[in-house]
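The values are calculated or read from the model by the stated rules, or taken from the named source; none is laboratory data. Just so it is clear, the model here is predicted, and its values are computed rather than measured. FYI the Cβ positions are ideal-geometry reconstructions off the backbone, even for glycines, and counts take in every protein chain you see.
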Amino acid sequence: MTVTTGAGPHRPASDHDPGPAAPTLGPAPATPTGTVAGAPASRGAPSTPWIPAARRRGAGVRAGQVVATQVAVAAVVAATGRGVLATLAAVGVAALLLPVAWVRLRGRWLFEWLTAGLGYATRRRALPPAAGPTALLGLVDPGAVVRPAELAGTPAAVLDDAAGMVAVLEVGDPADLLGDAPRALPVPATLLPAAAPDGPPVRLQLLLTGSPAPTVGAGGGTVATSYRQLTDGRLAGRERAVLAVRVLRVEGWTAEELRRTLSGTVRRITRRLGPVTARPLGEHATLRVLAELAHHDDHPAQESWQAVRAGDLLQTTFRLRRWPDARTDAGRRLVSRLLALPATATTVSFGVGPWSGADPASAPTGLTVRLAAATPAELSVAAQALRRLMAEVGGEVQRLDGAQLGGLAGTLPLAAAGVAGPGPTPDGLELTLGEAGLMVGTNRHGGAVTVRLFRPESTRVMLVGGIRAAQLVAVRAMALGARVVVQTARPRGWEPFVRGVGVPGAMIPVIPPGRPVGEPASPLRPLLVVVDAGPTPAETEPGSPWRTTLLVRDELTAADADALGRADLAVLQPLDPAEAAVAGAALGLGGSAEWLTRIRDDMVALVNRRALRWALLSPTPIESQLIGRPSRR
């Protein structure tokens with residue numbers, strides 16, 4: 001077992017130590033034949049460099065605009081001398097073609113608006129109630145299916161559609177309970193494999209998604225204000241990273257050969273990611289991740305001109321038109337600032353490839369941002385904040401009006417082809433992962449000690465200490481958007497806390513032990529069930545993803561050893577020698593168990609199967625007023 005504090009191993013603070021300081025857009029339609037422009041027509045044929053359309057045509061002028069102008073001029077010239085009617089007809093054609101080709105409206109050519117409107121009017125734009133992840137996939141990528149496969153030597157899945165095959169990789173470990181120091185992620189262009197003369201083209205997509213803490217739903221209430229005091233707004237409440245690898249379908253390559261190429265590409269990419277782990281997802285997990293990233297929970301979904309409504313959330317997507325200057329600190333931290341926007345959730349997508357140039361890192365990279373919020377007003381606030389941020393760092397974004405369904409597809413792990421990016425990823429752009437979560441407290445250096453309390457699987461936490469420590473965890477979980485339910489045999493001990501943090505219409509339910517809790521849980525609305533049932537271990541309901549059970553014990557006895565050993569995480573306030581012996585044996589702490597009797601009364605030990613960390617609870621003034629000192633006695 002590793003003994004760490006989140007900033008390196010150290011001796012836990014004793015009663016005589018000063019202790020920790022207070023914490024100061026959318027994919028283009030698949031080519032019907034399955035071929036890709038610039039790809040070799042057959043195996044062994046020389047490969048032609050794939051160059052984005054914007055670069056081929058230069059300065060934003062499209063070939064169609066030039067053709068439309070030529071047609072207009074030719075029509076007028078041809079009508080000369082053919083009579084008044086012919087001349088008027090030619091002038092009318094020119095008067096129609098030229099504005100459509102050359103008039104710009106809100107940053108887009110008029111013909112682009114007409115194309116968007118035609119697509120909006122003719123495509124399928126809705127999902128019925130109770131439509132699952134498979135129906136969602138059919139809406140954003142018609143004809144796509146998810147099949148089991150073996151990738152990089154492990155069982156996984158492949159998403160197969162008309163344009164190629166996709167593997168979806170989970171980056172990092174979302175099931176890891178203890179937060180780490182942030183780890184740097186490489187920009188996708190550096191992972192793009194060099195083009196093989198006779199190999200199929202490859203496209204990569206990195207998705208980063210997260211939610212701020214406190215959440216927008218917490219507003220400016222007591223819970224949000226307290227958590228903001230605790231973290232200074234430095235920590236995200238939730239984060240996730242997913243990488244999609246697509247091998248495009250080209251003439252002359254069989255499905256089995258594409259699958260082998262995809263497997264080899266995945267193997268090389270996972271090696272190049274280094275200390276940041278990545279694993280291919282299986283069939284069920286791939287569909288589940290698609291639904292979670294789309295915030296789709298089997299409720300109806302409907303595209304409108306400016307947004308997509310999925311269940312209770314409105315989502316709108318923007319495409320980057322100009323990269324910011326990454327030589328400034330604000331430009332380097334662009335992505336972390338995007339994920340901190342005042343939205344219920346923000347998704348940032350980097351798409352790159354295929355590219356046959358000498359240096360894959362120079363390939364143009366597209367960036368797409370999707371904002372999700374509960375109301376039109378909240379979505380408008382988030383969109384305005386996005387535009388202000390981009391203006392501040394010298395970038396520019398464009399909302400995908402009329403193409404929001406394509407924007408949704410472009411921010412799901414499909415690695416689908418889209419509009420070419422505005423240029424290579426700027427040098428110095430920072431991408432990090434690993435620090436988000438619920439802040440339990442601080443280490444002795446003043447750094448945040450975080451826990452990923454809510455995970456894509458059921459989580460069981462056992463807290464040995466006082467009821468006030470459990471209430472501290474509950475109020476901080478509420479700042480992350482969690483609903484809290486308390487099962488207790490001592491409701492009077494919870495009543496003052498419930499009155500203090502509740503708001504009309506959103507009170508914490510306090511129910512007797514053993515009563516079923518039927519509330520659903522999701523990534524954006526997780527569920528914390530506090531089981532405060534006395535010294536006898538309580539049987540709880542089977543868990544579900546994004547639901548955490550916090551089992552509270554005032555005292556630790558031998559009867560609790562089995563429950564403690566089965567817990568995914570143990571939160572331990574100072575123990576007496578007999579309790580420390582039980583905890584040490586159940587958790588395999590060895591000699592470290594002795595320190596559990598010597599830590600300060602406002603400290604906790606966080607123990608899971610891999611590490612032990614110490615944290616000073618550091619209650620805020622609001623928490624101290626609501627709960628009191630979170631000591632055990």
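Here are some notes:
- Per the listing LEU589, LEU569, LEU612, the residue uniquely over 20 Å from GLY437 (Cα atoms) and either aliphatic (A, V, I, L, M) or buried (at least 22 other Cβ atoms within 10 Å of the Cβ) (or both) is LEU589.
- Qualifying residue in segment 597-606 (condition: more than 28 Å from SER458 (Cα to Cα) and crowded, with 22+ Cβ neighbours inside 10 Å): yes
- Yes/no for LEU206 being in the same structural domain as LEU341 (by TED's automatic domain parsing) and more than 20 Å from VAL289 (Cα to Cα): no
- Taken over segment 178-197, residues that are surrounded by fewer than 15 Cβ atoms within 10 Å (Cβ to Cβ), in contact with an Asp or Glu (Cβ under 9 Å, 6 or more places away or on another chain) and assigned to a loop (DSSP other than H, G, I, E, B) amount to 2.
- ARG598 in contact with a Ser or Thr (Cβ under 6 Å, 6 or more places away or on another chain) and either over 24 Å from VAL475 (Cβ atoms) or at pLDDT 95 or above (or both): yes
- Index of the failed condition, GLY514 passing every other in (1) in a loop (DSSP other than H, G, I, E, B); (2) on the phi < 0 side of the Ramachandran plot: (2)
- Tabulated pairs, segment 145-174, first over 21 Å from ARG268 (Cβ atoms), second modelled with pLDDT of 95 or more and small (Gly, Ala, Ser), C-beta under 6 angstrom, 6+ apart or interchain: VAL146/ALA157; PRO148/ALA157; ASP161/ALA144
- Residue that is farthest from VAL451 (Cα to Cα), among those in segment 163-177 that are assigned to a strand (DSSP E or B) and not aliphatic (A, V, I, L, M): GLY164
- Yes/no for ALA41 being at pLDDT 50 or above and not assigned by TED's automatic domain parsing to the domain that holds PRO193: no
- For beta carbons closer than 7 Å, sequence separation of 6+ or different chains, a first residue in segment 574-591 that is assigned by TED's automatic domain parsing to the domain that holds MET603 and a second that is among the aromatic types (Phe, Trp, Tyr) and part of a helix (DSSP H, G or I), there are no qualifying pairs.
- Conditions (1) in a helix (DSSP H, G or I); (2) more than 20 Å from the chain's Cα centre (by Cα): number failed by ASP325: (1)
- Whichever residue in segment 178-195 is within 30 Å of VAL604 (Cα to Cα) and either of a type in the set (Phe, Trp, Tyr) or touching a strand residue (DSSP E or B) at 6+ places or on another chain (Cβ under 9 Å) (or both) and, among such residues, is modelled with the lowest pLDDT: ASP180
- For segment 303-322, the candidate set comprises residues that are among the hydroxyl-bearing types (Ser, Thr, Tyr) and assigned to a strand (DSSP E or B); within that set, the residue that is nearest to PRO520 (Cα to Cα) is THR316.
- Unmet requirement for GLU435, which otherwise passes all of (1) part of a helix (DSSP H, G or I); (2) of a type in the set (Asp, Glu); (3) within 24 Å of the chain's Cα centre (by Cα): (1)
- Checked against (1) of a type outside the set (Val, Ile, Thr); (2) outside any loop (DSSP other than H, G, I, E, B); (3) modelled with pLDDT under 95, GLY418 meets all criteria but (2).
- Only one of the numbered conditions (1) acidic (Asp, Glu); (2) in a helix (DSSP H, G or I); (3) surrounded by 18 or more Cβ atoms within 10 Å (Cβ to Cβ) is violated by ASP160, and that is (2).
- Scanning segment 74-85 for residues that are of a type in the set (D, E, K, R), under 22 Å from ALA420 (Cβ atoms), at pLDDT 75 or above and not assigned by TED's automatic domain parsing to the domain that holds GLN404 turns up nothing.
- Where a residue in segment 524-550 is within 16 Å of SER458 (Cβ to Cβ) and surrounded by fewer than 24 Cβ atoms within 10 Å (Cβ to Cβ) and its partner, wherever it lies, is at pLDDT 85 or above and charged (D, E, K, R), with Cβ under 6 Å and at least six apart: LEU527/ARG483; LEU527/ARG547; PRO545/GLU457; THR549/ARG460
- Scanning segment 240-277 for residues that are among the basic types (Lys, Arg) and in a helix (DSSP H, G or I) turns up ARG259, ARG260, ARG267, ARG268, ARG271, ARG272.
- Residue within segment 198-211 that is buried (at least 23 other Cβ atoms within 10 Å of the Cβ), in a loop (DSSP other than H, G, I, E, B) and not small (Gly, Ala, Ser) present: yes
- Residue match in segment 108-128 (condition: crowded, with 21+ Cβ neighbours inside 10 Å, out of contact with any strand residue (DSSP E or B) (no Cβ under 6 Å at 6 or more places or on another chain) and of a type in the set (A, V, I, L, M)): no
- Count of residues meeting criterion [aromatic (Phe, Trp, Tyr) and at pLDDT 95 or above] in segment 573-595: 0
- Whether a residue is outside the structural domain of ALA213 (by TED's automatic domain parsing), in contact with a helix residue (DSSP H, G or I) (Cβ under 8 Å, 6 or more places away or on another chain), of a type in the set (D, E, K, R) and modelled with pLDDT of 90 or more was assessed, and ARG468 passes this test.
- Residues of segment 603-633 classified as in a loop (DSSP other than H, G, I, E, B) and in contact with a Ser or Thr (Cβ under 6 Å, 6 or more places away or on another chain), total: 2
- Residue within segment 282-302 that is part of a strand (DSSP E or B) and either over 30 Å from LEU389 (Cβ atoms) or touching a Lys or Arg at 6+ places or on another chain (Cβ under 9 Å) (or both) present: yes
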